[in-house]
1. When the Karplus curve 6.51 cos²θ - 1.76 cosθ + 1.60 is applied with θ = phi - 60°, which whole-Hz ³J(HN,Hα) does each residue of segment 46-62 get, with x for Gly and Pro?
2. Using the Karplus curve 6.51 cos²θ - 1.76 cosθ + 1.60 with θ = phi - 60°, what ³J(HN,Hα) values do you get for each residue of segment 104-117, in whole Hz, with x for Gly and Pro?
3. Kindly report the accessible area of the chain per residue (heavy atoms of protein chains, probe 1.4 Å, no ligands, DNA or RNA), in Å².
4. In the chain, how many lysine pairs have Cα atoms under 20 Å apart, counting only pairs 8 or more places apart or on different chains?
5. At q = 0.14, 0.16, 0.17 Å⁻¹, what is the log10 ratio I(q)/I(0) for the chain, with the Debye formula run over Cα points and no solvent?
Amino acid sequence: MIDLGGASPLRTSRNYKIYDHPSVPGALLKVRSDKPVRKHLVPRYGEWRYGNLRQWNREANEYLAALHRGCPEIDRLARFMGYERTSEGPAMVVEKMTDPQGNLAPTVREEETGMPAGDPRRKEILAELMELVDDLERAGIIVGDLSTDNIVRAQERGGRLVIIDGLGERVLLPITLFSRYAYRKSLDRRRAGLALGFD
């Protein structure tokens, strides 16, 4: 078990505490910090089996599917590296995405915050986001939560945008997995949502 008693999180969010992995360079430990919430009278299988770790199961499955297909666009995802037991509970191990100074890579939301509406950099970021979604579509990678909080600019990918969270479909019956039409429509909605945020 990894003892995180003396470690300070690099970042804390509503759902996670994120730490440097003490023995694996270039890796992070993502520890769930939220409490499981029972959403259904009769728990769904994933809820019953995995509790608040069920999102990790979806993310690992989607990453594994991209690995199986051998698509080069998998580089648009932070690498999944497994799981660990820690003194603060289960942790997912993921590739550390950084900025030029070696700090955690900034999210797209952090980058665009404070930019005025007419700032040409906003159009540049939006163009990069559309290029990212095009890559996802080409590879058939499903991202259930394609928000600007889950996308970072990573030195490890030459400054390109990378998805760090939100892989996999959250619904019980993932139609986007079986229907190419539904998948394209889903991505069209995500493109429109991203563009709306940059108007």
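The values are calculated or read from the model by the stated rules, or taken from the named source; none is laboratory data. Because the structure is a prediction, the values reported are computed rather than measured. Heads up: the accessible areas ignore ligands, DNA and RNA and are worked out on the full protein's heavy atoms, side chains in. Shrake-Rupley method; radii C 1.70, N 1.55, O 1.52, S 1.80 Å.
1. x, 5, 5, 7, 10, x, 7, 9, 5, 4, 4, 4, 5, 5, 4, 4, 5
2. 4, 4, x, 6, 4, 4, 5, 4, 8, 5, x, 6, x, 3
3. Solvent-accessible surface per residue comes out at 57 Å².
4. Lysine pairs meeting both conditions in the chain amount to 4.
5. The Debye formula, applied to the Cα set alone, gives -0.89, -1.15, -1.28.
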